[in-house]
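Every number in this text was worked out from the coordinates using simple rules, so none of it is lab data. This one's a predicted model, so the numbers in the text were calculated from it and none came from an experiment. Please note: Cβ atoms are built from the backbone with ideal geometry, for glycine as well, and neighbour counts cover all protein chains shown.
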Amino acid sequence: MPEAHDLRGLSCPEPTERARRAILARAPDELRLLVDDPSAREHLERMGPGLGYTVEAVRHARHDEVVLRRV
């Protein structure tokens, strides 16, 4: 089961830093993140590949879902 974090309501850089800490601490195969800060989505999309993860981002009405999968 993928690790999931609801990071809605947090401003950048907090969502990116929390995701980074989760990856470095546990190296999950899949990490699902809910964010509502557009800059958080952009930063997660840039950070993922550098940490060895593919990134899939989907926009929803009031938030984005970003899925990071370990390569």
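Just rank 7, 24, fewest to most, by other beta-carbon atoms within 10 angstrom. Before the final figure, lay out each step's value.
Working: 7 21, 24 9.
Fewest-to-most Cβ neighbours within 10 Å comes out as 24, 7.
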For the stretch 3-70, with +1 on Lys and Arg beta carbons and -1 on Asp and Glu, the positive-most of 7, 61, 50 along the dipole: 50
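Given Cβ point charges of +1 (Lys, Arg) and -1 (Asp, Glu) and nothing else, what value in debye, to the nearest 20, does the dipole of the chain about its Cα centre take?
Details: 12 positive and 13 negative charges, 28 e Å.
Dipole magnitude for the chain comes out near 140 debye.
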Relative contact order, percent, the chain [alpha-carbon distance under 8 Å, six or more residues apart]: 34 percent
Residues 47, 1, sorted so that the one with the fewest Cβ neighbours within 10 Å comes first: 1, 47
Residues 58, 66 arranged by fewest to most Cβ contacts within 10 Å: 58, 66
Among [x] 1.00; [y] 1.15; [z] 0.92, the entry that matches Rg/Rh (Cα atoms, Kirkwood Rh) as calculated here: [z]
